[in-house]
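The structure appears below as structure tokens.
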Amino acid sequence: MANHRIDLSSSSLPTINADLLYITEAEYDVDWHSTPHIHPFSELFYITKGRGSFWIEGKIYTVHEDDVIFINTNVNHTEMSIDNEA
């Protein structure tokens, strides 16, 4: 099995103009609201447990534990739990 490592501490890596704005841990509860929204930044979701779905630009995608979802900037979306699992 091949293994490749990229050393992120190397100063020869190209720089990118990006900021990590925040990290949030969310869990489904009675006050959860699934409101479609957009924003001028990307979002990265990692599903730690349960299952749910994402409504993205009119399509629904089912997600499960260990799934990773990337939402680009200015894309209409919302997160939804399935059967109150989160």
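Within segment 8-42, the set of residues being in contact with a His (Cβ under 8 Å, 6 or more places away or on another chain) and not hydrophobic (A, V, I, L, M, F, W, C) comprises P36, H37.
T62 fulfils the conditions (1) in a loop (DSSP other than H, G, I, E, B); (2) free of Cβ contacts under 8 Å to residues at least 40 places away in the same chain except for a single criterion, (1). You will find that of Y61, Y28, the residue that is over 14 Å from the mean Cα position of the chain (by Cα) and surrounded by 10 or more Cβ atoms within 10 Å (Cβ to Cβ) is Y28 and no other.
Of all residues in segment 68-86, those being of a type in the set (D, E) and either in contact with a Pro (Cβ under 8 Å, 6 or more places away or on another chain) or closer than 22 Å to L21 by Cβ (or both) number 1. Entry remark, segment 39-58: residues being part of a loop (DSSP other than H, G, I, E, B), farther than 17 Å from I23 by Cβ and open to solvent by less than 100 Å² (accessible area, probe 1.4 Å) number 2 in total.
Sub-6 Å Cβ pairs linking a first residue in segment 35-57 that is under 10 Å from I69 (Cβ atoms) and without any contact (Cβ under 8 Å) to a residue 24 or more places away in the chain to a second residue that is open to solvent by less than 30 Å² (accessible area, probe 1.4 Å) and not charged (D, E, K, R), at least 6 apart or interchain, are I47/V63; I56/H77, ordered by first then second residue.
The values are calculated or read from the model by the stated rules, or taken from the named source; none is laboratory data. Worth saying up front: this structure is predicted, and the values here are computed from it rather than measured. We place every Cβ from the backbone using ideal geometry, glycine too, and count neighbours over all the protein chains shown. The area values use the complete protein model at the heavy-atom level, side chains included, leaving out ligands, DNA and RNA. Shrake-Rupley method; radii C 1.70, N 1.55, O 1.52, S 1.80 Å.
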